[in-house]
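Okay, structure first, notes after.
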Amino acid sequence: MSALGSNVLPPAFSAWFGKPVVLLVVIRQCHVPMPCTIVGECEDDVRVRIQPGWEMEVRKDLILAVEEEAAATNSLAN
């Protein structure tokens, strides 16, 4: 069977791997911007690097948006 006919979807966050981004995350009904770098992805989680040597898993259902860090910084300046 070809990959086109299968139900396997490509990772949703793979385009962002290794790039500085800002995730908009929901924490206790608050929208919190989280600057980080996406370093991995599994079915339910995205692995992010907050700073060198500090990585964590973020549940995908808590992520509202992903934006390049430079674009997010520019929109905050206006």
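Give the ranking of V48, V22 by solvent-accessible surface, highest area first, calculated with a 1.4 Å probe. Walk me through the intermediate numbers first.
On the way: V48 0, V22 30 Å².
In descending accessible area the options line up as V22, V48.
Report the FRET efficiency, 1/(1 + (r/R0)^6), for L24 and A70, where r is their Cβ-Cβ distance and R0 is 22 Å, rounded to 0.05. Walk me through the intermediate numbers first.
Numbers: r = 16 Å, r/R0 = 0.72.
Approximately 0.90, to the nearest 0.05.
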How much accessible surface does E68 have with a 1.4 Å probe, in Å² rounded to 10?
100 Å²
In nm, what is the difference between 0.36 nm times the number of residues separating A12 and E43 and their Cα-Cα distance?
10.2 nm
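The values are calculated or read from the model by the stated rules, or taken from the named source; none is laboratory data. This structure is a prediction, so every number in the text was calculated from the model and none was measured. Counting neighbours? That spans all protein chains shown, and the Cβs are built from the backbone with ideal geometry, glycine included. Note: accessible area is taken over every heavy atom of the protein model, side chains too, but ligands, DNA and RNA are not part of it. Shrake-Rupley method; radii C 1.70, N 1.55, O 1.52, S 1.80 Å.
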